[in-house]
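Asks: Handing you this structure, nothing more for now.
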Amino acid sequence: RLLAANSVPALLLSGGEPTLHEDFSGYLRACAELGLKITVSTNGASLDDARASEMADLVSYVGISVDGPRDVHDSFRGKTGSFDASLRSARLLASLGCRVGLRVTMALPQTDHLDEIFRIAESLPLSRICFYHFMSSGRGALDASLAPGKLTEDAAFRRVIDWADEIGRRAAGTDALEVLTVGDSSDSVRVYEHMTSRSAGAPEGTLRLMSAASGRIGGTGILSVRWDGIVYQNQFLWDRPMGNWRDMALIAGTSDAGAAIAEECVSCLWRERKICSSRVGGFGGSCHVREHGSEI
């Protein structure tokens, strides 16, 4: 009720694995009755027909985590058969009329299997695929071998952008698969460079979107509420609590505008042109593009 009273436009139920909660169905129904737009992030490994039907009726979008082709995914998840279960869930939900997407965390193993991930995405009835920059939190903070180097990460996300452009051109005149990258403001620079490498410049509409996105700093477009009710700017910044969810009216609209700006970003022209908004401790940290010679 508090979320609805504060006009929260959408609620993402995540985890861990949210569908394993003993009252998951009750939460779905309660949120739907309040008129909240519900999104669920799941591994898709435990959805039976009844649960899928319930989610299709009450949820606006389901994001299913996929970590690569079958052997990579199953190894990454530590469970044989999890890949097939996840893809079955994606197809089942889509067949029931639910918008479905894939969520890919770009740890080092995933950067070696992008072509297979692209093929998997194109084989499924998806609305969207999201590629998340690797964040050193949770299990990722305990295993240094999962972190891609900055050059590897940069090359991987440029390949994602190339692929997004390719499938968009192939789907001209139809509903193209949405391709999102999450967690690093400097992706806007990568998109800008991709567009200008193929034409005289980026369209004005694209520049306006980039400028608007560069102003959406932590706390103004998204808030993360942990299981114990503590609110954070996003799900990766557990070291900076903003308060308790019961104080949502006071927290909403709070931003990290006062956060320090990375030294290499202070005089960066990308920042001056409002194409990138990287800052120390922000969502994705400091800019990766500038560090290997990208210029306007």
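The values are calculated or read from the model by the stated rules, or taken from the named source; none is laboratory data. Keep in mind the model is a prediction, meaning the values are calculated, not measured. Cβ placement follows ideal geometry from the backbone for every residue including glycine, while neighbour counts extend to all protein chains displayed. The accessibility values were calculated without ligands, DNA or RNA, using every heavy atom of the protein model including side chains. Shrake-Rupley method; radii C 1.70, N 1.55, O 1.52, S 1.80 Å.
Asks: Which of the residues belonging to the stretch 98-121 are over 11 Å from Ala156 (Cβ atoms) and either of a type in the set (Phe, Trp, Tyr) or modelled with pLDDT of 95 or more (or both)?
Replies: Within the stretch 98-121, the subset over 11 Å from Ala156 (Cβ atoms) is 98-103, 105, 109, 115-116, 118-121.
If the condition is that a residue be over 11 Å from Ala156 (Cβ atoms) and either of a type in the set (Phe, Trp, Tyr) or modelled with pLDDT of 95 or more (or both), then Cys98, Arg99, Val100, Gly101, Leu102, Arg103, Asp115, Glu116, Phe118, Arg119, Ile120, Ala121 are the ones that fit.
Asks: Also, I was wondering about something else. What is the number of the single condition among (1) under 30 Å from Ser197 (Cα atoms); (2) open to solvent by 70 Å² or more (accessible area, probe 1.4 Å); (3) not small (Gly, Ala, Ser) that Ile129 does not meet?
Replies: Checking Ile129 against (1) under 30 Å from Ser197 (Cα atoms); (2) open to solvent by 70 Å² or more (accessible area, probe 1.4 Å); (3) not small (Gly, Ala, Ser), the one that fails is (2).
Asks: Let me ask you something else. Please go through (1) part of a loop (DSSP other than H, G, I, E, B); (2) at pLDDT 75 or above; (3) farther than 23 Å from Thr39 by Cβ for Asp228 and return the number of the only condition it doesn't satisfy.
Replies: Unmet condition: (3).
Asks: On to the next question. Any residue at all in the stretch 153-163 that is outside any helix (DSSP H, G or I), open to solvent by 60 Å² or more (accessible area, probe 1.4 Å) and free of Cβ contacts under 8 Å to residues at least 60 places away in the same chain? Before you say what the answer is, go through the steps one by one.
Replies: Here is the first cut: in the stretch 153-163, the ones outside any helix (DSSP H, G or I) are none.
Within the stretch 153-163, none of the residues are outside any helix (DSSP H, G or I), open to solvent by 60 Å² or more (accessible area, probe 1.4 Å) and free of Cβ contacts under 8 Å to residues at least 60 places away in the same chain.
Asks: Right, here's the next one. Does the stretch 108-125 contain at least one residue that is polar (S, T, N, Q) and buried (at least 17 other Cβ atoms within 10 Å of the Cβ)?
Replies: Pass one, the stretch 108-125, residues polar (S, T, N, Q): 110-111, 123.
When the remaining residues are screened for being buried (at least 17 other Cβ atoms within 10 Å of the Cβ), the result is 110-111.
Yes; the residues of the stretch 108-125 include at least one that is polar (S, T, N, Q) and buried (at least 17 other Cβ atoms within 10 Å of the Cβ).
Asks: On the given criteria, is Ser137 open to solvent by 60 Å² or more (accessible area, probe 1.4 Å) and modelled with pLDDT under 95?
Replies: Numbers: open to solvent by 60 Å² or more (accessible area, probe 1.4 Å): no; modelled with pLDDT under 95: yes.
No, not satisfied.
Asks: How about the stretch 1-24: which of its residues are assigned to a helix (DSSP H, G or I) and either surrounded by 16 or more Cβ atoms within 10 Å (Cβ to Cβ) or modelled with pLDDT under 90 (or both)?
Replies: Residues of the stretch 1-24 that are assigned to a helix (DSSP H, G or I), as a first pass: 2-5, 18-20, 24.
Answer for the stretch 1-24, where residues must be assigned to a helix (DSSP H, G or I) and either surrounded by 16 or more Cβ atoms within 10 Å (Cβ to Cβ) or modelled with pLDDT under 90 (or both): Leu2, Leu3, Ala4, Ala5, Pro18, Thr19, Phe24.
Asks: Out of everything in the stretch 189-219 that is more than 21 Å from the chain's Cα centre (by Cα) and among the polar types (S, T, N, Q), what residue ends up being modelled with the lowest pLDDT?
Replies: Per the stated criteria, the residue is Ser199.
Asks: Here's a follow-up. In this structure, is Ser185 among the polar types (S, T, N, Q), surrounded by 15 or more Cβ atoms within 10 Å (Cβ to Cβ) and modelled with pLDDT of 75 or more?
Replies: On the way: among the polar types (S, T, N, Q): yes; surrounded by 15 or more Cβ atoms within 10 Å (Cβ to Cβ): yes; modelled with pLDDT of 75 or more: yes.
Taking the combined requirement at face value, the residue satisfies it.
Asks: Give me a count of the residues in the stretch 26-55 that are of a type outside the set (A, V, I, L, M, F, W, C) and over 18 Å from Ser89 (Cα atoms). Steps first, answer last, please.
Replies: Step one: list which residues in the stretch 26-55 are of a type outside the set (A, V, I, L, M, F, W, C), which gives 26-27, 29, 33, 35, 37, 39, 41-44, 46, 48-49, 51, 53-54.
Subsequent filtering for residues that are over 18 Å from Ser89 (Cα atoms) retains 26-27, 29, 33, 35, 37.
Summing the residues that are of a type outside the set (A, V, I, L, M, F, W, C) and over 18 Å from Ser89 (Cα atoms) in the stretch 26-55 gives 6.
Asks: Please verify whether the stretch 43-50 includes one or more residues that are at positive phi and surrounded by 14 or more Cβ atoms within 10 Å (Cβ to Cβ).
Replies: If we filter the stretch 43-50 for residues that are at positive phi, which is where we start, we get 44.
Now restrict to residues that are surrounded by 14 or more Cβ atoms within 10 Å (Cβ to Cβ): 44.
The answer is yes, given that some residue of the stretch 43-50 is at positive phi and surrounded by 14 or more Cβ atoms within 10 Å (Cβ to Cβ).
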